[in-house]
């Protein structure tokens with residue numbers, strides 16, 4: 001007896017709900033095999049332009065299981081520049097110029113939190129030999 005695509009989808013859903021993920025994965029693989037790897041049908045003539053463009057776009061690349069995605073912090077460049085200023089001026093002085101506590105610099109150096117370009121400019125102008133600030 002051949003199971004329909006709807007039967008396979010329902011089976012996978014039930015298996016996921018009861019926690020049998022391996023069996024659900026097998027049911028979904030059978031569903032994909034049954035549906036085939038064919039492209040979706042093109043939009044009908046006279047369809048809106050956005051549908052035609054959507055159909056012409058290549059399929060997105062999906063991450064492969066077991067391969068970690070490359071993580072790039074949002075503020076990596078600012079963190080790199082801040083690190084250079086800390087090497088040049090010292091951590092205590094940079095923290096004082098930014099009106100921060102020393103421990104807050106660690107958060108900025110991860111690159112996950114940004115720093116104002118104005119404050120970076122102030123650090124660029126700071127003379128390492130000038131102790132009065």
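The values are calculated or read from the model by the stated rules, or taken from the named source; none is laboratory data. All values reported here derive from a predicted model rather than from experimental measurement. Heads up, the Cβs are rebuilt from the backbone with ideal geometry, glycines too, and the neighbour counts pull from every protein chain shown.
Considering only residues in region 39-96 that are under 30 Å from residue 119 (Cβ atoms) and modelled with pLDDT under 65, the one that is surrounded by the fewest Cβ atoms within 10 Å (Cβ to Cβ) turns out to be 70. Going by the structure shown, is residue 107 at pLDDT below 90 and farther than 30 Å from residue 25 by Cβ? Answer is yes for this residue.
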